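The values are calculated or read from the model by the stated rules, or taken from the named source; none is laboratory data. Predicted model only: the values in this text are computed from it and were never measured. Using ideal geometry, Cβ is built from the backbone for each residue, glycine included, and neighbour counts are taken over all protein chains shown. Accessible surface areas use protein heavy atoms only, side chains included; no ligands, DNA or RNA. Shrake-Rupley method; radii C 1.70, N 1.55, O 1.52, S 1.80 Å.
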Amino acid sequence: MELQLHGARIDDVSNRGERRILGELERSRSHPAAKDWVVLHSVRIKPYAYSNGGEVDVVVIMPDQHAVVLLEIKGHESVEEQGERIQVRYQDGSRKDPLAQVDKARGAVLSILQQARRERQIRDDAFVHVVTGVLLPFATLGASGGIPWDRSQIVDERGINAGLVEAIVRMAEYGASGRQPPASPLHPQMRSFLRDLFQPRFQPAFDPRSQVEAAEREALELTRQQAQIIESIFENDHRPHVIHGPAGSGKTVLAVDLLCRYRDEHPEERILFLCFNAFLAQKVQASSDGRFEASTIHKFMSDITRNMFTRSERDSADYLERILPERAALVALDEEIKYDLIVLDEYPDAFSDQVLTFLDCLLEGGFAEGRWHFLGDVQQDVFKRDVRERLSAFEKRYCPARAPYRMTLNENLRNTRQIAELGRRILRDPHIRAVRPDGVSVETSGYAALQPALQREVRRWLALGYRPSEIVVITPVPSQIDVTVDGHTIQRISSVDGEAALGSTTARKYKGCESPVVVLVDPQDTPATDDEHRRQLTYVAVTRAKHGLSVLYRTDRRAAFDALWSSGTP
């Protein structure tokens with residue numbers, strides 16, 4: 001067996017599902033059925049007629065079987081079984097059929113073969129079966145008893161443990177079913193075409209765009225830490241959990257997954273997701289598929305109170321902190337508005353006595369007896385509510401006989417290693433573990449004039465393969481930036497549903513959201529109460545960038561910038 005990897009070593013592959021499959025294939029090099037196989041990892045297929053034919057996790061060229069097997073590998077620990085198909089849930093709340101995903105690549109391969117025959121690059125009688133399959137190295141299908149799966153095309157952990165080579169052979173036989181197997185191996189011309197002409201198309205491209213797509217696939221799978229917390233919640237009958245985790249640890253993804261699962265098990269109950277940030281609420285609402293309600297805490301309170309406030313109350317300085325939650329609590333009691341499960345994300349931002357009193361009224365059974373969970377990051381306490389000290393007081397007041405489980409996520413799944421490490425240094429927190437592979441180096445530079453500096457950085461990222469909508473400029477305060485780059489004007493983001501081609505916002509507004517590329521402007525000038533607060537806001541801004549980060553600072557503010565940036569060095 002010839003095994004060609006995307007990187008230098010199997011251990012360097014970021015996707016744990018792919019790591020396991022490649023490891024199994026490595027150990028099967030001497031298997032008699034696989035002696036002439038060519039296995040290519042992380043394949044981008046580009047047919048003649050289309051700009052993008054898709055990507056395949058692993059391609060197996062099998063000359064003796066006259067087959068090319070395209071394999072989609074899913075590292076999920078659980079999947080949804082629907083008839084004779086499967087659905088996997090992604091971190092954005094969407095569901096996809098992995099067979100449908102890999103079928104797109106099959107169509108691209110068939111188009112290549114068809115074009116090659118038309119151009120006489122291969123003989124008409126030289127054929128190869130193009131077969132698709134799905135490998136689930138950590139999931140067990142039909143575990144709860146019931147669906148008779150066709151194991152030829154979808155192979156779970158049990159099938160892989162029984163023999164990966166044999167499973168792939170069965171896929172090839174399945175794809176050739178109904179056709180008489182040829183007496184001789186793959187025609188030499190076809191074999192040469194696959195090796196000499198197909199292979200360059202299949203070679204992994206180490207361009208930033210390809211790296212982004214590979215990182216996206218890895219980020220979408222629930223991690224073992226996330227899965228363990230969800231299992232703890234359900235195994236303990238939804239005893240309250242307070243879940244802490246750094247930026248990019250997948251807290252919101254975990255919340256959406258457990259809410260969808262709870263809806264499946266309790267279809268008649270009312271469940272509610274609340275958070276502080278409007279952009280985050282929009283994203284969660286879009287991923288909920290209508291299975292649960294999602295809103296910001298303040299919008300939800302405004303909706304149920306139906307604007308029953310005087311102008312002076314609305315103009316009051318404590319309208320959001322006191323007047324609105326107190327009125328909302330009265331409405332919830334008077335109208336008997338109740339929810340059976342409440343999940344509060346970004347809880348440090350909403351952790352005030354008035355909001356907690358409102359939620360206690362809204363929850364069936366209150367905090368003492370109801371089903372609720374808090375998720376958040378005390379390192380992103382951008383409103384300085386000092387939640388560490390107040391959480392214990394909350395437990396004593398609201399649930400003294402039923403203290404919540406406290407659990408921690410410590411893996412940064414969002415950012416490349418360079419960005420995650422920078423965030424860790426800014427906070428001086430050695431417990432945050434970066435699990436993503438390395439990416440593009442963080443670029444830091446001073447400027448005398450902002451407009452040309454921004455144009456330079458945006459053009460650099462566009463040249464590296466990023467789309468304008470994948471670049472967000474984060475500024476210290478809300479501002480309209482008069483900058484146009486190659487016809488794209490930077491505009492303030494007002495909604496995640498209607499993002500500008502090039503968007504700008506602040507760290508506070510973009511908290512809970514993410515973008516492939518962030519250009520951070522003047523972090524040293526971010527309004528803050530003290531240096532620690534400024535570090536927290538800078539940490540929030542830095543960790544919005546998934547794959548690329550540029551930092552610009554005014555040269556006449558170099559000393560302040562150095563003080564902030566060097567403050568993160570342990």
Listed residues Glu457, Glu470; which is of a type in the set (D, E, K, R), surrounded by 18 or more Cβ atoms within 10 Å (Cβ to Cβ), farther than 26 Å from Ser249 by Cα and touching a Ser or Thr at 6+ places or on another chain (Cβ under 9 Å)? Glu457
Any chance you could count how many residues in segment 529-570 are at pLDDT 85 or above, surrounded by 21 or more Cβ atoms within 10 Å (Cβ to Cβ) and touching a strand residue (DSSP E or B) at 6+ places or on another chain (Cβ under 7 Å)? 11
Scan Val39, Val56, Val69, Val43 and give me the residue that is surrounded by 22 or more Cβ atoms within 10 Å (Cβ to Cβ), at pLDDT below 80 and of a type in the set (A, V, I, L, M, F, W, C). Val43
Taking Asp340 as meeting all but one of (1) touching a strand residue (DSSP E or B) at 6+ places or on another chain (Cβ under 6 Å); (2) open to solvent by less than 50 Å² (accessible area, probe 1.4 Å), write down the number of the exception. (1)
Residue check, Asp349 against (1) under 34 Å from the mean Cα position of the chain (by Cα); (2) free of Cβ contacts under 8 Å to residues at least 60 places away in the same chain, all met but one. Which one? (2)
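Given the structure, is Leu502 of a type outside the set (D, E, K, R), open to solvent by less than 10 Å² (accessible area, probe 1.4 Å), touching a helix residue (DSSP H, G or I) at 6+ places or on another chain (Cβ under 7 Å) and modelled with pLDDT under 85? Give the derivation first.
Values: of a type outside the set (D, E, K, R): yes; open to solvent by less than 10 Å² (accessible area, probe 1.4 Å): yes; touching a helix residue (DSSP H, G or I) at 6+ places or on another chain (Cβ under 7 Å): yes; modelled with pLDDT under 85: yes.
When the stated conditions are applied, Leu502 passes them.
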Which numbered condition Gln380 fails, given (1) crowded, with 19+ Cβ neighbours inside 10 Å; (2) touching a strand residue (DSSP E or B) at 6+ places or on another chain (Cβ under 9 Å): (2)
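Tell me, which residue of segment 109-122 that is closer than 26 Å to Leu25 by Cβ and modelled with pLDDT of 80 or more is surrounded by the fewest Cβ atoms within 10 Å (Cβ to Cβ)?
Across segment 109-122, the extreme among qualifying residues is Leu110.
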Pairs returned, first residue in segment 152-175 that is of a type in the set (Ser, Thr, Tyr), second residue that is not in a helix (DSSP H, G or I), beta-carbon separation under 7 angstrom, 6 or more apart or interchain, are Tyr174/Val131; Tyr174/Ser152; Tyr174/Gln153
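Condition first: touching a Cys at 6+ places or on another chain (Cβ under 9 Å) and either polar (S, T, N, Q) or surrounded by fewer than 19 Cβ atoms within 10 Å (Cβ to Cβ) (or both). Now tell me which residues in segment 510-526 satisfy that. Quick ask: steps written out before the conclusion?
First pass over segment 510-526, keeping only residues touching a Cys at 6+ places or on another chain (Cβ under 9 Å): 512.
Within segment 510-526, none qualify.
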Which fully enclosed helices (runs of 4 or more DSSP H) of segment 260-321 have 3 or more residues being within 24 Å of Pro348 (Cβ to Cβ) and open to solvent by less than 50 Å² (accessible area, probe 1.4 Å)? 278-287, 297-305
In segment 507-533, the residues that are touching a Leu at 6+ places or on another chain (Cβ under 9 Å) and part of a strand (DSSP E or B): Val517, Val518, Val519, Leu520, Val521
Restricted to segment 408-419, and to residues that are modelled with pLDDT of 85 or more and farther than 13 Å from Asp377 by Cβ, which residue is least open to solvent (accessible area, probe 1.4 Å)? Ile419
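Which residues, taken from segment 1-14, are farther than 26 Å from Leu113 by Cβ and either modelled with pLDDT of 75 or more or of a type in the set (D, E, K, R) (or both)? Talk me through it step by step, then tell me what you get.
Looking only at segment 1-14, we keep the residues that are farther than 26 Å from Leu113 by Cβ, and these are 7-14.
Across segment 1-14, the qualifying residues are Arg9, Ile10, Asp11, Asp12.
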Checking the conditions here, which among Glu532, Glu514 is in contact with a Gly (Cβ under 9 Å, 6 or more places away or on another chain), closer than 24 Å to Phe276 by Cβ and not hydrophobic (A, V, I, L, M, F, W, C)? Glu514
Taking segment 322-336 as the search range and keeping residues that are open to solvent by 70 Å² or more (accessible area, probe 1.4 Å) and either β-branched (Val, Ile, Thr) or assigned to a helix (DSSP H, G or I) (or both), which one is farthest from Arg270 (Cα to Cα)? Arg322
Across segment 337-363, what is the number of residues that are at pLDDT below 95, of a type outside the set (Gly, Ala, Ser) and not in a helix (DSSP H, G or I)? 3
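Do we have any residue at all in segment 435-450 that's modelled with pLDDT of 85 or more and part of a helix (DSSP H, G or I)?
Yes; the residues of segment 435-450 include at least one that is modelled with pLDDT of 85 or more and part of a helix (DSSP H, G or I).
I'd like the full set of residues that are of a type in the set (Lys, Arg) and more than 17 Å from Gly370 (Cβ to Cβ), limited to segment 231-262. Let's see the steps before the verdict.
Pass one, segment 231-262, residues of a type in the set (Lys, Arg): 239, 251, 261.
Selection gives Lys251, Arg261.
Looking for whichever is part of a strand (DSSP E or B), surrounded by 14 or more Cβ atoms within 10 Å (Cβ to Cβ) and at pLDDT 80 or above here; the options are Val134, Val102. Which one fits? Quick ask: steps written out before the conclusion?
Numbers: Val102 fails: part of a strand (DSSP E or B).
When all the criteria are applied, what remains is Val134.
With respect to Asp125, is the statement that it is of a type in the set (D, E, K, R), at pLDDT 80 or above and under 25 Å from Ala34 (Cα atoms) true?
Judged against the criteria, Asp125 is not a match.
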Apart from one, (1) open to solvent by 10 Å² or more (accessible area, probe 1.4 Å); (2) in contact (Cβ under 8 Å) with a residue 60 or more places away in the chain; (3) out of contact with any Ser or Thr (no Cβ under 6 Å at 6 or more places or on another chain) all hold for Ile493; the odd one out is (3)
What are the pairs with Cβ atoms under 9 angstrom where one residue, in segment 358-371, is touching a residue at least 40 places away in the same chain (Cβ under 8 Å) and on the phi < 0 side of the Ramachandran plot and the other, located anywhere, is outside any strand (DSSP E or B) and hydroxyl-bearing (Ser, Thr, Tyr)? Sequence gap at least six, or different chains. Phe367/Tyr398; Arg371/Tyr262
